[in-house]
Amino acid sequence: MSKLIDKIKTAFADAYKAKDIELKNVIGTIKGEIEREVKDPKNISDEEVSKELKKMLKKHDEYPSLSDVEIEFISSILPSQMTEDDIDARVKELADGGADHISKFMVGFKGLNADMKIVKQKVDELLK
């Protein structure tokens with residue numbers, strides 16, 4: 001079970017107990033949308049939850065549709081993104097460990113919260 005979905009469920013219960021109807025409704029909607037989008041809601045992973053939350057924010061950037069409360073909640077749940085310095089350090093670590101092909105680097109970033117476009121750019125520069 002996903003730790004992120006557990007955080008969402010806990011926040012939902014806390015909002016319910018605090019009688020914060022607006023927040024409870026926001027969290028319930030977000031939770032429902034995540035569970036509707038994934039294949040197996042009972043065995044959801046953090047990666048799937050994170051992907052769905054990021055998709056919601058990206059969709060909002062293109063077509064503003066989320067309230068400030070929704071954006072704030074999603075941002076508070078998402079793990080922080082790796083910085084470029086963190087990405088550079090990880091790329092160097094993988095290269096020093098013998099990674100010599102893009103696929104080996106990408107596997108080395110699996111499960112980390114990194115912008116894969118930046119990772120690819122950094123690896124392409126290194127492999128030139």
Residue list for region 54-92, filter: of a type in the set (Lys, Arg) and surrounded by 12 or more Cβ atoms within 10 Å (Cβ to Cβ): Lys54, Lys55, Lys59, Arg90, Lys92
Within region 35-49, count every residue that is in a loop (DSSP other than H, G, I, E, B) and surrounded by fewer than 17 Cβ atoms within 10 Å (Cβ to Cβ). 3
Any chance Ala15 is touching a residue at least 12 places away in the same chain (Cβ under 8 Å), part of a helix (DSSP H, G or I) and over 17 Å from Ser2 (Cβ atoms): yes
In region 7-48, which residue that is polar (S, T, N, Q) and at pLDDT below 90 is nearest to Ile77 (Cα to Cα)? Ser45
So which residues in region 88-114 are farther than 18 Å from Ser45 by Cβ and assigned to a loop (DSSP other than H, G, I, E, B), if there are any at all? Gly97, Gly98, Ala99, Asp100, His101
Just to verify a result, which residue in region 73-87, among those that are in a helix (DSSP H, G or I) and out of contact with any helix residue (DSSP H, G or I) (no Cβ under 9 Å at 6 or more places or on another chain), is nearest to Leu112 (Cα to Cα)? Asp86
With over 21 Å from Lys120 (Cβ atoms) and within 15 Å of the chain's Cα centre (by Cα) as the only criterion, which of Glu72, Glu62, Glu47 stands out? Glu72
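The values are calculated or read from the model by the stated rules, or taken from the named source; none is laboratory data. Remember, predicted model here, so these are calculated numbers, not experimental data. Here Cβ is always computed from backbone atoms with ideal geometry, including for glycine, and neighbour counts include all displayed protein chains.
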